[in-house]
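Notes follow the structure.
The values are calculated or read from the model by the stated rules, or taken from the named source; none is laboratory data. None of the values given here were measured: they were computed from a predicted structure. What goes into the accessible areas is simple: the full protein's heavy atoms, side chains included, and nothing from ligands, DNA or RNA. Shrake-Rupley method; radii C 1.70, N 1.55, O 1.52, S 1.80 Å.
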Amino acid sequence: MNGTYNASGNPTIEIEVSGPLDTRFPFTAMVDTGFSGFLLLPILNAFPIGLLLQGTMPITLADGTTQTKLTCLGSIHFDGAEEIGIIIIEWQNTDVLVGMEFLRRFRKQLRLDPINGIVEIVDAPAPPPAPAVI
């Protein structure tokens, strides 16, 4: 699966997000490897999807501060697959972000070549087999 770079030079991919009604909404999401979560959506994008509030969770930002954010449960549809995860709702108008939990859930790796403008999301290799117990 290929992505692109946005105007700021950040890698982006195309995803679809759905809630309990299973209506899919397309988004261009920035892939942020500094974000440990699954998906971050601005609150104005979450309303049309019909996401249901699940609770709150503390989030530690890059500057070390902690903020409490609203969370919802929802699905990301990507590359022919669907994964359910916790969606963090951001009050401010910001970019849609997918993070490291997104890559883990979909078993994907991110390959970037900013010099040649290449953004690739590829299947992660299978983990090595566990050592045999004798």
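Surface calculation, 1.4 Å probe, protein heavy atoms: ILE59 sits at approximately 30 Å² accessible. So what's the gap between the Cα centers of segment 6-36 and segment 79-134, to the nearest angstrom? If we compute the Cα centre of each part, the gap is 11 Å. Which option, (i) 1.13; (ii) 1.50; (iii) 0.99, is the value of Cα Rg over 2.2 N^0.38 Å that was calculated from these coordinates? This structure yields the entry labelled (i).
For the chain, the share of accessible area belonging to carbon and sulfur comes to 56 percent (1.4 Å probe, ligands and nucleic acids excluded). Normalised by the number of residues in the chain, the mean separation of alpha-carbon contacts (under 8 Å, six or more apart) gives a relative contact order of 28 percent. Accessible surface comparison of ASP22, ASP63, probe 1.4 Å, protein chains only, largest first: the order is ASP63, ASP22. Averaged over its residues, segment 67-134 has an accessible area of 63 Å² per residue, based on protein heavy atoms and a 1.4 Å probe.
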